[in-house]
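> Structure in structure tokens, see below.
The values are calculated or read from the model by the stated rules, or taken from the named source; none is laboratory data. Since the model is a prediction, treat every value here as computed from it, not as a measurement. Heads up, the Cβs are rebuilt from the backbone with ideal geometry, glycines too, and the neighbour counts pull from every protein chain shown. Keep in mind that these areas ignore ligands, DNA and RNA; they rest on the heavy atoms of the full protein, side chains included. Shrake-Rupley method; radii C 1.70, N 1.55, O 1.52, S 1.80 Å.
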Amino acid sequence: MQKSKKIIFASHNKGKISEIKEILYPLGITVLSGEDIEIPEVEETGKTFEENAYIKALAAAKKQNLPCIADDSGLCVDAIGGKPGVYTARYAPNRNFEMGMDKLLKEIKETNSNNRAAHFACVIVLAYPNGNFKSFEGRVDGSIATQKTGKLGFGYDPIFIPTGFTRSFAEFDSDEKNKISHRGRALQKFIQYLTENEDVL
Ligand code: IMP
């Protein structure tokens, strides 16, 4: 596939890091992240998932002088106009996702709408120190449960039920989640790109 067997993932988010490692490890790709090397903390000033993923990937690529990937992701809920969307991480008070889920369930309830449709979106950007980049998108549709269930995963997993299932993402083991999740789908596109292009890394 590619010459290098290492890729830098510009993140400090343990949930994301373990999902990405689990998907890339069987392909012989070692993932280095904020747990292993210095990844700059940057302000996510973009208005889209792609812009924010680019900001994160480029800052790390410049710092390490190597190609880096970053993911920006979020939960988009139809009944409240696609919120919290690109602001998902900041929607939770003090980044406490238990409180974030309670806030979201309350906000949906206050709309008096029966529409519980939602999707998780993810954009992975591969950026080079010179600013060049390539992006890969993934999405999973589903609905917002009326209460939290499950202990696995991270973030808003306990209230997201993917279409075709009756369980929340927090009741999926990681392998099962990675096969259908927004991040898993974006990563599959990234892997395809690596497979088709020898000199990516
Ligand atoms: P950011 O990409 O760092 O801006 O953070 C996105 C936020 O969206 C995360 O901190 C989680 O709260 C949420 N999120 C993204 N992907 C997932 C997922 O797979 N499960 C649950 N929550 C997620």
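> In µm²/s, what is D for the chain at 37 °C and 0.692 mPa s, where D = kT/(6 pi eta Rh) by Stokes-Einstein and Rh is the Kirkwood radius from Cα pairs?
Values: Rh = 17.2 Å.
Taking Rh from Cα pairs, D becomes 191 µm²/s.
> Would you please give the residues with an amide H less than 5 Å from that of ILE8, counting only those at least 5 places away or on a separate chain, with H modeled from the backbone geometry?
LEU32, ILE69
> Could you sort HIS12, HIS182 by accessible area so the largest value comes first, with the probe set to 1.4 Å?
HIS12, HIS182
> Determine which lysines satisfy two conditions relative to LYS56: a Cα distance under 22 Å, and not lying fewer than 8 residues away in the same chain.
Leaving aside lysines fewer than 8 places away in the same chain, those within reach of LYS56 are LYS5, LYS6, LYS14, LYS16, LYS21, LYS47, LYS83, LYS134, LYS189.
> Nearest 10 degrees is fine. How inclined is helix 14-24 to the longest principal axis of the chain, computing both from alpha carbons?
Long axis of 14-24 versus the principal axis of the chain: about 60 degrees.
> State the antiparallel share, in %, of DSSP beta bridges confined to the chain, rounding to the nearest 5.
85
> On C-alpha positions alone, give me the angle between the axis of helix 97-110 and the longest principal axis of the chain, in degrees, nearest 10.
Tilt of helix 97-110: around 50 degrees.
> Tabulate in residue order the Karplus-calculated ³J(HN,Hα) for the range 154-167, using 6.51 cos²θ - 1.76 cosθ + 1.60 with θ = phi - 60°, rounded to whole Hz; enter x for Gly and Pro.
Once rounded to whole Hz, the list reads 7, x, 8, 3, x, 10, 10, 10, x, 4, x, 10, 10, 10.
> Next question. Under a crude label model (7 Å from the Cα following the beta-carbon direction), how far is ILE37 from GLU110 in nanometres?
Here the modelled spin labels are 4.4 nm apart.
> Within 10 Å of each candidate Cβ there may be at most 14 other Cβ atoms; applying that plus a DSSP loop requirement, which GluC sites (Glu not before Pro) in the range 109-201 survive?
Numbers: sites: GLU110, GLU137, GLU171, GLU176, GLU196, GLU198; in loops: GLU198.
Answer in residue order: GLU198.
> Ok, one more. Which of the chymotrypsin sites (Phe, Trp or Tyr not before Pro) found in the range 1-83 are in a DSSP loop and have at most 10 neighbouring Cβ atoms, other than their own, within 10 Å?
Of the chymotrypsin sites (Phe, Trp or Tyr not before Pro), not one in the loops of the range 1-83 has a Cβ with at most 10 other Cβ atoms within 10 Å.
> Report the Cα centroid-to-centroid distance between the range 125-163 and the range 52-120 in angstrom, as an integer.
After rounding, the separation between the Cα centres reads 8 Å.
> Taking all protein chains together and a probe of 1.4 Å, list LYS63, LYS148, LYS109 from the most accessible to the least accessible. Can you show the working numbers first?
Details: LYS63 105, LYS148 70, LYS109 155 Å².
Greatest to least solvent exposure: LYS109, LYS63, LYS148.
> Mind checking the angle between helix 182-196 and the chain's longest principal axis? C-alpha axes, 0 to 90 degrees, to the nearest 10.
20
> Sort ASP157, ASP173 by accessible area with a 1.4 Å probe, largest first. Don't jump to the answer; show the numbers that get you there.
Values: ASP157 5, ASP173 80 Å².
Result of the area sort, largest leading: ASP173, ASP157.
> Any idea of the accessible area per residue across the chain, 1.4 Å probe, to the nearest Å²? Write out the running numbers ahead of the final one.
On the way: 10100 Å² over 201 residues.
Per residue, the chain has 50 Å² of solvent-accessible surface.
> Counting pairs of alpha carbon atoms under 8 Å apart in space and at least six apart in sequence, what relative contact order in percent does the range 47-201 give? Don't skip to the end; give the middle numbers.
Numbers: 298 pairs, mean separation 32.6, N = 155.
So the answer I get is 21 percent.
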